[in-house]
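The structure appears right after this line, and notes come after that.
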Amino acid sequence: MAEIQIKQVTKTFGRFDAVLDLDLELEDGTFVALLGPSGCGKSTTMNMLSGLLEPTRGEILFDGAVVNKLKPGDRNIGFVFQNYAIFTHMSAFDNIAFGLRVRKQPADEIREEVHQVARLLGIENMLDRRTTDLSVNDLQKVAIGRSMITKPGIFLLDEPFSNLDARFRSYMRAELKKLQRELSQTMIYVTHDQVEAMSMAEKIAIMDRGQLQQYGTPDEVYNQPANRFVAGFVGSTMMNFVPTTLDRSGGDLVLTMPLADARPLTVHNRDGGDDSDSFTMGIRSEHIELVDPGSETASLRGTVTLLESLGPRNIVHLSSDGYLLRVTVPPTVRPRVGEAVGLELDARRVHVFADASGTALA
Amino acid sequence: MKALLTSLRVLLIAAVLCVFLFPVYWTVTMAFKPADEWTPTSGKTYWLPDHPTLDNFRRIFGGTPGGSDSFLVSTPINATDSIVTSLITSILGTLLALSVGTFAAYGISRYRAGGKMLGFSILQLRMFPPIAVIIPVLFLWTYLHLFDTHAGLILIYGAVTFPFVVWLMKSFFDEVPREISEAAIVDGCSQFGAFRKSVLPLVKGGLATTALFVFILNWSDFLIALVLSGNNVVTAPVFLSQITSAATGEEFGSRAALGVILITPPMLLSILIQKHLVRGLTFGAIKR
């Protein structure tokens, strides 16, 4: 159990800034996901937390104490690697017992604790097996067991489930969440899969090109994206983006999209933003409704180009004056390809981003 | 057609095998031939010994075989010391190359020690035959009082085989994922502890293969030992070349007998570690 502070941390490799001026405070006992595309600096951040890498600048504090110079073994952390890093020359038991043996605990205590951990993970019957005989799924459980045996205050997981098959992955997600609640540890989970981050984490830190983009609850990053990158990265169906001009003269904010057949859209008053003179409107696919093309409420019009049937919902792909838009509709709505439709945008759910900085207008 | 191809292939394999196995066959049969069957002076080539005998083996271990007058004019010789010398110098030389080379290989593989050039410059040491520089080494060794000593041979064997160890072991270390040692470090091991407990056990097959390879190189060396040693430290191959007698000149039989003995240690070793020789090592830590 530990609280983590990352203060102005930068990690430079040669001339490349893998992580730049990262500021992050993680409360004790939270489940935090580090989310971002590959190369965004999330694994580097993880390696600095574990002590495998030392920050070039800045400080990392565990429970208020600077740990920059502390060796990984002295940080009281558990680390689960993407490729498990199982010691294949040892049995499952010896793998789990490894950390305790390094700490020179008595053999009978080790046996007891290994069995306890194995019971928790449901792998007690595999302890004597050679690790080369275990399935990928069980190997990952052994890896988790090995990192939790020392009862670390901080649990670091680097894309631990990306090699598992889809069904087992969702099962393990639930198991891990349960485990975290039982142990009430601070858990940091690196992933590039936003579904994984949204479904498990209490807080999500989204990174891109070495910099923190937003830190908030899944609800916040989904519904109030801080900038265009977050808006585009989070959400299983990508947010729709259309260029727009702003008119604040009447008190309310009026968006005019320079698209054929577009009508101005009045959204509730927002200010902020910057001096940028070009803007982008963003709206999620589920916040658009298909209406009659002649309808008064339709802000945009388009032609259906593709229909994706996903079972519980359909996704309609549309072309509006050359812009690709996606709309999520109930499974019963099945427009034909080539059909002209109107799009009614939920004005409360419209986001506006300044093009120069990418930041959202508050 | 297919049957023809198959039989052609079998024939080809048989022909190649004949070429490779003939010297072994000739050495083994020669070791058991009495002196008058060594050469076809009597007008007959002896493919197998007519009168198999152990005289040759007795001869190289100081015996004066009874009944036979072939060795009457020869001074007794004994190969025991030279075999012991060969064992000492090649085993210790191998251990020296292995211990230094393995650490070097780990440093190059994991930490890119020495940048891009170090690995290459080590390999470069093998781009000319060691014998090409043996004369300067002879001067150096004489100056350092290493000429004709066990230590001198051990050092040169270690140095000459060191590049092999580095490059073989580097290729094995390259296949061990970095996370293996990182996991051990996070669990509280030191860098060296992580190397010893998590990485080294995974490459032990490679280590055994390398050890055998280097041992055979050292064990079969003739030229280096010939130049860098005198009468004090004589290795078995050098001893073998010196077996001659006034009565028979070149003692083919006795040399063959010693040859048969010298084949044995590498053969025994390879049988002992053959399960490791297969490259199918369990680098299964990563399931890709």
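Out of all DSSP beta bridges in chain A, what portion is antiparallel? Express it as a percent rounded to 5.
Counting only bridges with both partners in chain A, antiparallel ones make up about 75 percent.
Once you put a point 7 Å from the Cα of A:Arg336 and another 7 Å from the Cα of B:Tyr25, both along the Cβ direction, what distance in nm separates them?
It is 8.6 nm.
In peptide A:98-108, what is the residue-averaged number of other protein chain Cβ atoms found within 10 Å of each Cβ?
Details: counts 7, 6, 2, 3, 9, 2, 1, 0, 0, 0, 0.
Mean partner shielding for this stretch: 3.
Give the separation of the Cα centroids, segment A:185-239 to segment A:31-58, in Å.
15 Å
Looking only at B:Lys204, B:Lys170, B:Lys116, which one moves most when chain B is put into a Gaussian network model with springs between Cα atoms under 10 Å?
Its mean-square fluctuation being the largest, the pick is B:Lys116.
Please name whichever of B:Leu96, B:Ser7, B:Pro130 sits farthest to the positive end of the charge dipole of the protein assembly as shown, dipole taken about the Cα centre and charges placed at Cβ: Lys and Arg +1, Asp and Glu -1.
B:Ser7
Along the positive direction of the dipole of chain A (beta-carbon charges: Lys, Arg +1; Asp, Glu -1; about the Cα centre), which of A:His115, A:Leu52, A:Val66 reaches farthest?
A:His115
Based on the Kirkwood radius over alpha-carbon pairs, what value in µm²/s does the Stokes-Einstein equation return for the translational diffusion coefficient of segment B:80-231 at 4 °C and 1.567 mPa s?
Numbers: Rh = 16.6 Å.
This corresponds to a translational diffusion coefficient of 78 µm²/s.
Report the residue, chosen from B:Ile154, B:Ile134, B:Ile271, that carries the largest GNM mean-square fluctuation when chain B is represented by alpha-carbon nodes joined by springs under 10 Å.
Of B:Ile154, B:Ile134, B:Ile271, the most mobile in the Gaussian network model is B:Ile271.
Below 30 Å, Cα to Cα, which lysines can B:Lys44 reach? Residues fewer than 8 away in the same chain don't count.
Correct list for B:Lys44: B:Lys33.
If you count, for every residue in B:173-183, the Cβ atoms of partner chains within 10 Å of its Cβ, what is the mean?
Details: counts 0, 0, 0, 1, 5, 4, 10, 7, 2, 7, 15.
For this peptide, the per-residue mean of nearby foreign Cβ atoms is 5.
Show which aspartates and glutamates lie in cross-link reach of B:Lys275 when reach means a straight Cα distance below 20 angstrom and same-chain residues fewer than eight apart are skipped.
Candidates past the 8-residue exclusion: A:Asp133, B:Glu175.
If you plug each phi of segment A:279-287 into the Karplus form 6.51 cos²θ - 1.76 cosθ + 1.60 with θ = phi - 60°, what whole-Hz ³J(HN,Hα) values come out, in order, with x for Gly and Pro?
Using θ = phi - 60°, the values come out as 9, 10, 8, x, 8, 6, 4, 7, 9 Hz.
About its Cα centre, how strong a charge dipole does chain A have in debye, to the nearest 20, once Lys and Arg get +1 and Asp and Glu get -1 at the Cβ? List each step's numbers first, then the result.
Details: 38 positive and 48 negative charges, 210 e Å.
Roughly 1020 debye, rounded to the nearest 20.
So how tilted is helix B:115-124 from the main axis of chain B? Cα-based, degrees 0 to 90, rounded to 10.
On a 0 to 90 degree scale, this one is about 0.
Hey, could you get me the Stokes-Einstein D for the protein assembly as shown, Kirkwood radius over alpha-carbon pairs, 4 °C and 1.567 mPa s, rounded to whole µm² s⁻¹? Could you put the intermediate results ahead of the total?
Values: Rh = 31.5 Å.
For these conditions, the coefficient is 41 µm²/s.
Roughly how compact is segment A:168-249, stated as its Cα Rg over 2.2 N^0.38 Å to two decimals? Don't skip to the end; give the middle numbers.
Numbers: Rg = 15.6 Å, N = 82, 2.2 N^0.38 = 11.7 Å.
In units of the globular-protein estimate, segment A:168-249 measures up at 1.33.
With labels modelled as points extended 7 Å from the Cα through the Cβ direction, what inter-label distance (nm, one decimal) is found for B:Leu123 paired with A:Tyr323?
5.6 nm
Magnitude of the Cβ-charge dipole of segment A:237-354, K/R +1 and D/E -1, about the Cα centre, nearest 20 debye? If you can, show how the numbers build up before the last one.
Working: 11 positive and 16 negative charges, 90 e Å.
Its charge dipole is roughly 440 debye.
Quick one: Debye curve from the alpha-carbon atoms of segment A:49-144 only, equal weights, vacuum; give me log10 I(q)/I(0) at q = 0.26 Å⁻¹ to two decimals.
-1.32
Sort A:303-313, A:143-153 by the packing proxy (mean of other Cβ within 10 Å over each peptide's residues), most packed first. Numbers along the way, then the final one.
On the way: A:303-313: 12.5, A:143-153: 22.9.
Final packing ranking: A:143-153, A:303-313.
What residue among B:Met127, B:Met267, B:Met30 has the largest mean-square fluctuation in a Gaussian network model of chain B, using Cα springs under 10 Å?
B:Met127
Could you sort out which of A:Lys177/B:Lys204; A:Lys71/B:Lys204; A:Lys69/A:Lys178; A:Lys177/B:Lys197 sit more than 30 Å apart by Cα distance in this structure? Display every interim value, and only then the final one.
Values: A:Lys177/B:Lys204 39 Å; A:Lys71/B:Lys204 28 Å; A:Lys69/A:Lys178 33 Å; A:Lys177/B:Lys197 32 Å.
Among A:Lys177/B:Lys204; A:Lys71/B:Lys204; A:Lys69/A:Lys178; A:Lys177/B:Lys197, the Cα-Cα distance tops 30 Å for A:Lys177/B:Lys204; A:Lys69/A:Lys178; A:Lys177/B:Lys197.
If neighbour count is taken as other Cβ atoms inside 10 Å, put A:Val221, B:Val16, A:Val291, A:Val102 in order from fewest to most.
The order, fewest Cβ neighbours first, is B:Val16, A:Val291, A:Val102, A:Val221.
As I understand it, the value is the acute angle between the Cα axis of helix B:252-272 and the longest principal axis of the Cα atoms of chain B; what does it come to in degrees, rounded to 10?
30 degrees
Kirkwood Rh over Cα pairs of chain B into Stokes-Einstein at 25 °C, 0.890 mPa s: D in µm²/s? Could the numbers behind the result be given before it?
Details: Rh = 22.3 Å.
Rounded, D is 110 µm²/s.
Quick check: convex hull over the Cα atoms of chain A, volume per residue in Å³, rounded to an integer? Show your work: numbers first, answer last.
On the way: hull volume 59.5 nm³, N = 362.
Cα-based convex hull of chain A, divided per residue, equals 164 Å³.
Specify which residue in the list A:Leu343, A:Thr332, A:Gly322 is farthest towards the positive end of the charge dipole of segment A:288-355, using unit charges on the beta carbon of Lys, Arg (+1) and Asp, Glu (-1), about the Cα centre.
A:Thr332
Within 10 Å of each residue's Cβ, count the other Cβ atoms and sort B:Arg110, A:Arg181, A:Arg284 from fewest upward. It would help to have the intermediate numbers written out before the result.
Working: B:Arg110 17, A:Arg181 12, A:Arg284 23.
With the fewest neighbours first, B:Arg110, A:Arg181, A:Arg284 line up as A:Arg181, B:Arg110, A:Arg284.
Quick one: what are the phi-derived ³J(HN,Hα) couplings along segment A:94-104, Karplus 6.51/-1.76/1.60 with θ = phi - 60°, whole Hz, x for glycine and proline?
Couplings: 5, 4, 5, 6, 3, x, 6, 5, 4, 7, 6 Hz.
Mind sorting A:Asp108, A:Asp208, B:Asp50 by how few other Cβ atoms lie within 10 Å of their own Cβ, fewest first? Kindly include the intermediate steps, with their values, before the conclusion.
On the way: A:Asp108 8, A:Asp208 20, B:Asp50 11.
Ranking A:Asp108, A:Asp208, B:Asp50 by Cβ neighbours within 10 Å, fewest first, gives A:Asp108, B:Asp50, A:Asp208.
Under the definition of partner shielding as Cβ atoms of other protein chains within 10 Å of a residue Cβ, what is the mean value for peptide A:80-92? Don't skip to the end; give the middle numbers.
Working: counts 2, 9, 3, 9, 7, 13, 7, 9, 10, 9, 3, 0, 0.
Per-residue shielding by partner chains comes out at 6.
Taking a cut-off of 22 Å, what percent of all Cα-Cα pairs in segment A:214-362 are separated by more than that?
On the way: 4277 of 11026 pairs.
It works out to 39 percent of all Cα pairs.
State to the nearest 20 debye the size of the charge dipole of the protein assembly as shown about its Cα centre, where the only charges are +1 on K and R beta carbons and -1 on D and E beta carbons. Write down the numbers at each step before the final one.
Numbers: 58 positive and 63 negative charges, 345 e Å.
That gives the protein assembly as shown a dipole magnitude of about 1660 debye.
Quick note: the coordinates plus some simple rules give every number you see, no bench work behind them. Since the model is a prediction, treat every value here as computed from it, not as a measurement. With ideal geometry, Cβ positions are generated from the backbone for all residues, glycine too; neighbour counts draw on all protein chains shown.
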